[in-house]
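Scroll down for the structure; my scribbles are underneath it.
The values are calculated or read from the model by the stated rules, or taken from the named source; none is laboratory data. Since the structure is predicted, the reported quantities are computational estimates derived from the model, not experimental observations. Note that each Cβ is placed from the backbone with ideal geometry, even for glycine, and that neighbours are counted across all protein chains shown.
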Amino acid sequence: DSGVTQTPKHLITATGQRVTLRCSPRSGDLSVYWYQQSLDQGLQFLIQYYNGEERAKGNILERFSAQQFPDLHSELNLSSLELGDSALYFCASSVETGGNYGYTFGSGTRLTVV
Amino acid sequence: QKEVEQDPGPLSVPEGAIVSLNCTYSNSAFQYFMWYRQYSRKGPELLMYTYSSGNKEDGRFTAQVDKSSKYISLFIRDSQPSDSATYLCAMSAFNQGGKLIFGQGTELSVKP
């Protein structure tokens, strides 16, 4: 157990729907990162929050949004889902904002859009 | 062209072999270099972290960074079947916040 908790582990939903993925960071970590992993694109950075504020943004689609709450847990919202959004979504956390020393990943949410 | 290139393998070696995994990159601003190990259906696990050029050793693992060649390596000595996993290199620049750029990952299989 890495200490980063992601729920749910698996999610199957239909195209056009909206889902919310949840992440609880490791105790003491203030930064939360979201990544998407697909077979063709590999691990792609989506967005980072540090202590409730957005700090860095990757190639995150406009249909996707995220936030970090006062208790530091984070949610990734995916809307108007398409078949191509099927992927593993990972959350990671670190104590500092830079992430340059590496961070700790959760076990992921496997999203299947049908 | 991708910022980080990594041979996806698969790479199959006998138990006890020395394994060499490599990545090349194009962004000269990268200063922080990491290796992650990912078992099937699990999240990536940080193995090694290196800042700038040089070598770092941790048990059976050695990470090397050659910034002049934009080339990083991970060596695994006395490989074990439990080392069978996908190995991902990752790197970041000082001014990119927490964003890591990952290689595609190399799938390694160590046969008993």
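Odds and ends about this structure:
- With respect to (1) under 25 Å from residue A:89 (Cβ atoms); (2) modelled with pLDDT of 95 or more, the lone exception for residue B:41 is condition (2).
- Scanning the stretch B:62-71 for residues that are in a strand (DSSP E or B), touching a strand residue (DSSP E or B) at 6+ places or on another chain (Cβ under 6 Å) and more than 14 Å from chain A (Cβ to nearest Cβ) gives B:62, B:64, B:71.
- Taking the criterion of being of a type outside the set (A, V, I, L, M), surrounded by fewer than 16 Cβ atoms within 10 Å (Cβ to Cβ) and outside any strand (DSSP E or B), the residues of the stretch A:1-16 that qualify are A:1, A:3, A:8, A:9, A:15, A:16.
- Pairs, first away from every other protein chain (no Cβ under 13 Å) and assigned to a strand (DSSP E or B) in the stretch B:74-102, second among the aromatic types (Phe, Trp, Tyr) and surrounded by 21 or more Cβ atoms within 10 Å (Cβ to Cβ), C-beta under 9 Å, six or more apart: B:74/B:35; B:74/B:87; B:76/B:87
- Filtered by the rule that a residue be among the small types (Gly, Ala, Ser) and over 14 Å from residue B:103 (Cα atoms), the stretch B:1-26 gives B:12, B:16, B:17, B:20.
- Any chance residue A:40 is farther than 20 Å from residue B:40 by Cα, at pLDDT below 95 and more than 9 Å from chain B (Cβ to nearest Cβ): no
- Scan of the stretch A:51-91 for residues that are closer than 14 Å to residue A:109 by Cα, surrounded by 16 or more Cβ atoms within 10 Å (Cβ to Cβ) and not hydroxyl-bearing (Ser, Thr, Tyr), ordered by number: A:75, A:76, A:78, A:85, A:87, A:88, A:90, A:91
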